[in-house]
Amino acid sequence: MTKRDAATGQFIDAGIRSLIDNPRQVLERGLRSEEIVNESGASQATFFRKFSTKSEFVDAVVTELTASRWHSPDEIMQAVGSEITINAHALRPTVIALVEKWFPALTDDAATSTEFLARVFGNAHAVKSGYDRRDQLVLAAYEAVFERSNAALRRPFAARTFAVAVNALLDGFRARSAFDPASVTEDLVSDSLLALLGAVVDTTGMHQHLDDMVGPIETFAVPREVPRDPRAAIIAAARTELGKRGYFMTRIDDIADNAGVPRGAMKRLFPTKPHILVAALQSRVDALRESVADDILLGLDEVSIIDNFLLRCAQLAADEIAFMDALLVAVAHDTYGEPEGLLSIKEKLNIPAIIGPVIQQGQDSGTLALIGTPVDLAAGITNTLLMRCFTRRTVSPEDNAAFIGNLLLRGLGTKG
């Protein structure tokens, strides 16, 4: 085998580029040494000092095509393990982040062409060894993702067949991307991997078979008994769906199915997602309004009332993470397809309006500065707090409320 140094590498790389860039020309005329020499910027004499025959050069090119360019299993475990930790061991965001990181490599034209050429020209042993290495990487990633769970592969899948299936899926996307790049997106790759994992990986500890997940096509669904309290069931199902998928990816039909409520009845009870948000949060917002009214009746000063309001808002955001996150999104994005729902949110869940009269009273008494209208200031205070809670989930409600109170009510200035 020819020892690879800088000059040898230039010739080999030039040969591979020629195969990638001009496959038809190579098919018609062969891999000509003169063109390789010109491409590499070297001389014929140097070429034949490195390769005694053209056949030896071709062997070197083929060897390079089938050389491993993959990370080691340990590197994959470290990268995947780091990502799963960042995402608090949640599978979906981890898979999405990993696909986003490696999607450019998956769809790189030069890398795809090199893979194709390796399979055409490489010897069977070298190509099979490449597949084996990739299988090891899939299993390393699997171990990193599921090492803290009791996950197992549903029979008849085993470690090897699972790795083969994952690599076959990725190979298919890579091949399609080379000729139809618009059809292969990060979202599609992520969703496909999640679908495969959802079908093949059993995290229940029940040692299931794949057949347990796929019933006979001709079997009719057994009607489910409608819950005694369909509204409560719908709100509970919505909390779960919104927590897993976010506002825009959550579907009304999925909420109905998970709640055990017929879809038609669901849409009569809650025509839109905003209607569900109102039903879920209305009592908590009413309680917040009553607590502010009580503080006023007790004669507390305006700053103390606002401090209490901030703390209760922060506690609401912590108690109802899924619904409050969805509320922020629904209000921030004017979804024209659901005007009634958004109107009900603005009317019934108008949290800033609760503290608006207190700000007006503080401005009238001179306690609070006249830097804006009570409506604008109430919205600014409330929205700033909720955004703080949204981005600082690990911080306690008390600390989030205190931070915003100190910032907005007491300012950044230092005592003179």
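The values are calculated or read from the model by the stated rules, or taken from the named source; none is laboratory data. Keep in mind that what you see is a predicted model, and the values were worked out from it rather than measured. As a convention, Cβ positions derive from the backbone with ideal geometry for all residues, glycine included, and neighbour counts pool all protein chains shown. Quick note on the areas: whole protein, heavy atoms, side chains included, nothing else; ligands and nucleic acids left out. Shrake-Rupley method; radii C 1.70, N 1.55, O 1.52, S 1.80 Å.
Overview of results
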{"quantity": "Some residue of the stretch 19-38 being within 46 Å of the chain's Cα centre (by Cα) and not in a helix (DSSP H, G or I)", "calculated": "yes"}
{"quantity": "Residue within the stretch 122-129 that is surrounded by 20 or more Cβ atoms within 10 Å (Cβ to Cβ) and among the hydrophobic types (A, V, I, L, M, F, W, C) present", "calculated": "no"}
{"quantity": "Members of the stretch 213-254 found to be among the acidic types (D, E) and at pLDDT 70 or above, listed by number", "calculated": "E225, D229, E241, D253, D254"}
{"quantity": "Of all residues making up the stretch 368-389, the number that are crowded, with 19+ Cβ neighbours inside 10 Å and in a helix (DSSP H, G or I)", "calculated": "9"}
{"quantity": "Residue among I96, I76, I36 that alone is open to solvent by less than 60 Å² (accessible area, probe 1.4 Å) and closer than 30 Å to R245 by Cβ", "calculated": "I76"}
{"quantity": "Residue identified as of a type in the set (A, V, I, L, M, F, W, C), at pLDDT below 80 and either at negative phi or more than 19 Å from the chain's Cα centre (by Cα) (or both) among A168, A126", "calculated": "A126"}
{"quantity": "Filtered residue count, the stretch 250-286, keeping only those that are touching a helix residue (DSSP H, G or I) at 6+ places or on another chain (Cβ under 9 Å), among the small types (G, A, S) and under 21 Å from M324 (Cα atoms)", "calculated": "4"}
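Every residue, every condition in (1) out of contact with any Pro (no Cβ under 8 Å at 6 or more places or on another chain); (2) closer than 29 Å to R134 by Cβ; (3) modelled with pLDDT under 75, yes or no:
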| site | (1), (2), (3) |
| --- | --- |
| K3 | yes, yes, yes |
| F11 | yes, yes, no |
| A14 | yes, yes, no |
| S18 | yes, yes, no |
| E28 | yes, no, yes |
| E35 | yes, no, no |
| T53 | yes, no, no |
| S68 | yes, yes, yes |
